[in-house]
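Novice: Before I ask anything, here is the structure I am working with.
Read-outs throughout are calculated quantities, based only on the coordinates presented, and are distinct from any laboratory measurement. None of these values were measured; they are calculated from a predicted model. Note: ideal-geometry Cβ built from the backbone for every residue, glycine included; neighbour counts use all protein chains shown.
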Amino acid sequence: MTDCIFCKIAKGEIPSQKAYEDELVYAFHDIRPLRPTHILVIPKKHIASLAEAGTVDEAILGRMLAVSHKLAAENGSAEGFRAIINTGRIGGQEVPHLHLHILGGREPVGAMVS
Ligand code: 5GP
Ligand code: ZN
């Protein structure tokens, strides 16, 4: 998708602080971190949200989760982390390109929903 900010980040057309990359996913530090560790993992393929993902995307979805612990551990959250995928209006999704938030640090993340 040509005017998607996260597609542009995945392609390197918009700068980001890269944390990880492979053939399916790209990970980078959130520009407005909510915790000391706040990384976003996105598919390189444009998928607007989890509502638009299907069984055809199983490998991508699996990879997003499979790299999450390594990313958390390498970025200051070795004792655990929270993984969040906001989806659509009800889920509070702001950027319409699927992304997994990895939140953590040295203190517990806190209440799951406030
Ligand atoms: P959402 O609310 O859609 O689940 O989360 C979107 C996240 O993307 C927010 O945490 C926001 O700070 C982050 N974000 C939005 N634009 C950019 C950007 O240009 N660069 C980076 N690194 N993060 C961004
Ligand atoms: Zn996109």
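Novice: Cut-off 10 angstrom, C-alpha nodes, Gaussian network model of the chain. Which of Thr87, Thr37, Thr55 fluctuates the most?
Specialist: Thr55
Novice: Still on this structure: Across the chain, how many lysine pairs separated by 8 or more positions, or lying on different chains, have Cα atoms within less than 14 Å?
Specialist: 6
Novice: Around Tyr26, which amide H atoms from residues at least 5 apart in sequence, or from another chain, sit under 5 Å from its own amide H, with H modelled in the peptide plane?
Specialist: Ile42, Lys44
Novice: In whole Hz, what ³J(HN,Hα) sequence does region 98-114 give by Karplus (6.51, -1.76, 1.60; θ = phi - 60°), x for Gly and Pro?
Specialist: 2, 8, 9, 7, 10, 10, x, x, 9, 10, x, 5, x, 4, 5, 9, 10
Novice: For the chain, calculate the relative contact order in percent as a whole number, restricting contacts to Cα pairs under 8 Å that are 6 or more residues apart.
Specialist: Relative contact order of the chain: 28 percent.
Novice: With only alpha-carbon atoms counted, please give the Rg and Dmax of the chain, in Å.
Specialist: Expressed in Å, the Cα Rg and Dmax of the chain come to 13.5, 39.
Novice: Is region 64-109 best put as rounded, prolate or oblate by its Cα gyration tensor, with a ≥ b ≥ c the root eigenvalues, rounded for a/c under 1.5, and otherwise prolate when a/b is larger than b/c, oblate when not?
Specialist: prolate
Novice: Amide H of Asn86 versus every other amide H placed in the peptide plane: which residues, excluding those fewer than 5 positions away on the same chain, fall under 5 Å?
Specialist: Here His101 satisfy the definition.
Novice: Out of Leu24, Leu40, Leu71, any idea which swings most in a Gaussian network model of the chain, alpha carbons joined below 10 Å?
Specialist: Leu24
Novice: Would you please name the GluC sites (Glu not before Pro) within region 1-57 that are DSSP coil residues with at most 15 other C-beta atoms within 10 Å of their C-beta?
Specialist: Listed in order of number, the matching sites are Glu13, Glu23, Glu52.
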